[in-house]
Every structure is written in C-alpha cells, then in structure tokens.
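Undergrad: There's a structure below that I have some questions on.
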Amino acid sequence: MVPEEKYLKNTGIPGDNSFGVLVRLDDILIGKPKMLFLMIGINDLAQGILIEILLCNINRICKKTKQISPKTTLIIESILPTNENFKKLNGHCKAQDLLPKINSELKILAERQQVKYLNLHTHFVDSQGLLKEEFSWNGVHLTLAGYQQWVKVIKEDGYLKKNNHEKAI
C-alpha cells in the first residue's frame, strides 16, 4: 500500500448516475480533495439518460468543482467497456457500442474545461472490444483484479506515487 492509498475514498454508489453525483458533490468538495477521479456514465446510459444530458451533467460537475474547490485536480476517466458474455446487466451492456464516441466526447469536454482526462478503456478491453473477463464478475462491475488494474494505470500516469520497491511495468 502506498501512503496515498490510505487517503483514497471511493464515493461510488452502485446504480448511481450523474444526477446523483451532482447531488453529493458539495459533500465531497467541502473536504477540498487534492484529486477527484470521476468515472460516471454507464448507469446513465443503462437508465436511458441521453448522452447529451450525461455530458451536460459532467460539464456541470467540472464547473462546480472549480468553483467550490479550485485547487482540486479533476480527472475525468473514460467509461469502461462492458461484457455481455456474463449475461447480466444487459441494459448496461447494450451501451457498449456507444462508448468509443462518448469517451471521445469526454476527452474533448476535459480539454475544454481544462481538466485531466484518463483513458482507462484501453487498459480494460479485450481483443473483441469487451471488458476483460478477469476484471469483472458481472460484465460491468470490477473484481479485485480490475481494481488493481485501475490503480496500476493511475500510478503509471503519475497520479499516485509508486512504492520504492515497485518497478514500472
């Protein structure tokens, strides 16, 4: 465990969407976090929320973060791939074909808002374009191996420090 990991807080809620993040954002930002990693969207899509509304909400999250906690580094993360082969959460998996376009839009949004963008999608996708099976237990949510991959990517991109005994892979 790196020293920073004891200060990490996952505020994700299963089934939550971008509207829920907006509701809870003040409670998160009042603590003036050093960094805020934002991964949101797959539940919005599964719930039938339009892409334009999702992007608008993420834009609102960016503006609110800058307003309330201007020293917080906001990192918008790409939406992870899904995997329909698990035969679970079909509403989430039906959005799979939309993810490249949405992730491209998220990158543009991040540039316009002058926040960071982290492409996790490419680190989780298999040769068929699906979420790697070893990273999920239901085709959407991550296993321990999936979370370990996520931390590895965040470290490789320099957002978390590596332990002295860790080597770059």
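The values are calculated or read from the model by the stated rules, or taken from the named source; none is laboratory data. Predicted, not measured: the structure shown is a model, and the values here were computed from it. Counting neighbours? That spans all protein chains shown, and the Cβs are built from the backbone with ideal geometry, glycine included. The area values use the complete protein model at the heavy-atom level, side chains included, leaving out ligands, DNA and RNA. Shrake-Rupley method; radii C 1.70, N 1.55, O 1.52, S 1.80 Å.
Undergrad: What does the charge add up to near residue 41, with Lys and Arg as +1, Asp and Glu as -1, over the other residues with Cβ less than 15 Å from its Cβ?
TA: On the way: positive: 60, 94, 101, 107; negative: 16, 44, 52, 77, 97, 105.
Residues close to residue 41 contribute a combined charge of -2.
Undergrad: How much area per residue is accessible in the chain when the probe is 1.4 Å and only protein heavy atoms are counted (Å²)?
TA: Details: 9860 Å² over 169 residues.
Heavy-atom SASA per residue in the chain reads 58 Å².
Undergrad: Counting only protein heavy atoms and using a 1.4 Å probe, what share of the accessible area of the stretch 36-145 belongs to carbon plus sulfur, as a whole percent?
TA: Solvent-exposed carbon and sulfur of the stretch 36-145 make up 53 percent of the total.
Undergrad: Next up: For the stretch 46-113, take every pair of Cα atoms, bin their distances at 10 Å starting from 0, and report each bin as a whole percent.
TA: Cα pair-distance distribution for the stretch 46-113, in percent: 18, 45, 26, 10, 1.
Undergrad: Towards the positive end of the charge dipole of the chain, with charges on Cβ (+1 Lys, Arg; -1 Asp, Glu), say which of 53, 67, 137 has the farthest Cα.
TA: Farthest along the dipole direction, towards plus: 67.
Undergrad: Of 64/152; 9/107; 34/94, which pairs sit farther than 30 Å apart, going by alpha carbon to alpha carbon? It would help to have the intermediate numbers written out before the result.
TA: Numbers: 64/152 28 Å; 9/107 24 Å; 34/94 35 Å.
Going by Cα-Cα distance, 34/94 fall outside the 30 Å limit.
Undergrad: Hey, another quick one. Using alpha carbons only, what's the Rg to Rh ratio of the chain with Rh from Kirkwood?
TA: Reported Rg/Rh (Cα atoms, Kirkwood Rh): 0.95.
Undergrad: Could you work out the helix-only [θ] at 222 nm for the chain, with each DSSP H run of four or more residues adding -39,500 (n - 2.57) and the total divided by the number of residues, to the nearest 500 deg cm²/dmol?
TA: For the chain, the value works out to -12500 deg cm²/dmol.
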